[in-house]
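These notes concern the structure reproduced below.
The values are calculated or read from the model by the stated rules, or taken from the named source; none is laboratory data. What you are looking at is a predicted structure, and each value in this text was computed from that prediction instead of being measured. Note that we place each Cβ from the backbone using ideal geometry, even for glycine, and neighbour counts take in every protein chain shown. Calculation scope for accessible area: heavy atoms of the full protein, side chains included, ligands and nucleic acids excluded. Shrake-Rupley method; radii C 1.70, N 1.55, O 1.52, S 1.80 Å.
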Amino acid sequence: MATPPSQPPRSSPISEEEARRIPALLAGYWSFGQYWGTWVIAVVELNRHRGLSYGRNGVLLALLSIVAVLVMTFGAPRLTRFPTNGLVAGSLTTLGVGALAMAVLPTGTLWIAFVLVGAGNGLIDVFLNVEAQRVEVATGRPVLQWLHASYAAGGVTGAAVGGAIVAAGADYPAPLAIAGLLLFLTAAWNARRGANAQAPAGDPSTFSLSAFRRHPTLWVPALVILFAFLVEGSMDTWSGLYLQDQLGASVSKAALAFAAFSAALCFGRLFAGRVLFGFGRRTTIVLSGVGAAIGGGVAAATSSPAVVAVAFLVLGFAISASAPAAFGLVDEAAPGDQPNGVAAVTTIGYSGFVWSPPIFGWIAQAFDLRAAMVVIVSTTAGIVVAGWLAPRAGRGLTID
């Protein structure tokens, strides 16, 4: 597929210089996924050691998400005057500090760790996606799909490492500390390799949600990201508990099942980057929602950990393209205002994390984790509906 006129040829000096930034950027998002893959395993032990109920865990996760939303809404637009390499590195470092705090803080002050993790999540989801979108436009390569594939790869390695450490008898702080160290290392790489220039500032507004007033069509990618993040984020926070507490799976089996989900996310995004985007982002999103509903429905209906692992493969592969395809629509919906546009749609996406953890926690507390999983899966219908509303344009990426 031809590169759009607005993008430089791949062989241009600008394109090649931007392409050299990609490995560090992918490594940073991989370490982001590594943390959450570790969390899926560590949260079960953390709850047991700290005496946290499903309800209290849900409240802490809601706090995390509220902080992330506030950072994206009010903080990110104010930071665009700083160089992008510093923003990316600072985002990863903040999450790394949160990971270490999660490992060492006593129960009474554990909320501080959730605040730090929320701040790191908010910054990463804005500035790494903004930088990836910029490099994607400059190089004509599906960098956003690669970026989110690297997050999924981190989920695989995080679940594998975390599961192996906990299964060997070590306490949960060890894998969390390793995840924090990896975040620090990739932050240093991005500080050295990233672009030493300001992010595109767009509108000088310090309130990112105002982008919806300037660019109403941003609501379409925002809704896709809302439902996709709700499903993916719920898998990050609840799937380990579902497998171990509801289905009685061992730590190793739970790690394997989540690794299957994350691996499917990774391969699905690589597949989407090369093939599905040839159909256009709209079709990609619709197919993603339908497939996710099928895989998630099977996972919620069965009591076999082995069948759940296979269903997670289908769910992960199907839903993998939703959020990256939606992020790719931001350039068309808000040209020249991408930082605020990405912050705005990501804020809407994270709003699902604000209300979903306490609701899912209440459902799990009042009924069981299977009921919570059914509610999670039902939200895939929102991806399909929002996908139908997406424009038919957006086929400008090269796929070779």
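Specify whether the C-alpha gyration tensor of the stretch 74-164 places it in the rounded, prolate or oblate class, a ≥ b ≥ c being the square roots of the eigenvalues: rounded for a/c under 1.5, otherwise prolate if a/b is larger than b/c and oblate if not.
oblate
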Listed peptides 20-32, 360-372 by packing density, highest first (mean Cβ within 10 Å):
20-32, 360-372
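Normalised by the residues of the chain, what does the relative contact order come to in percent, with Cα pairs under 8 Å and at least six apart?
Normalised by residue count, the contact order of the chain is 28 percent.
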If you fit an axis through the alpha-carbon atoms of helix 173-193 and take the longest principal axis of the Cα set of the chain, what angle between them do you get, 0 to 90°, nearest 10?
10 degrees
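So if I place +1 on the C-beta of Lys and Arg and -1 on the C-beta of Asp and Glu, and nothing else carries charge, what would the dipole magnitude of the chain be about its Cα centre? I want it in debye, nearest 20.
Roughly 280 debye, rounded to the nearest 20.
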Accessible surface of the chain [probe 1.4 Å, protein heavy atoms]: carbon and sulfur percent:
70 percent
What ranking do 51-63, 86-98, 176-188, 318-330 get when scored by the average of other Cβ atoms within 10 Å per residue, highest first?
318-330, 86-98, 176-188, 51-63
Stokes-Einstein D (µm²/s) once Rh is taken as the Kirkwood radius of the stretch 125-201 over alpha-carbon pairs, at 37 °C in 0.692 mPa s
226 µm²/s
Accessible area (Å², per residue) of the chain, counting only protein heavy atoms and a probe of 1.4 Å:
35 Å²
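Could you tell me whether the stretch 285-365 comes out rounded, prolate or oblate from its Cα gyration tensor? Rule is a ≥ b ≥ c as square roots of the eigenvalues, rounded for a/c under 1.5, then prolate if a/b exceeds b/c, otherwise oblate.
On the way: a/c = 3.98, a/b = 1.63, b/c = 2.44.
Oblate is the answer for the stretch 285-365, as a/c is 1.5 or above yet b/c matches or exceeds a/b.
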Quick one: angle between helix 251-274 and the longest Cα principal axis of the chain, in degrees between 0 and 90, rounded to 10, please.
10 degrees
As I understand it, the value is the acute angle between the Cα axis of helix 54-70 and the longest principal axis of the Cα atoms of the chain; what does it come to in degrees, rounded to 10?
20 degrees
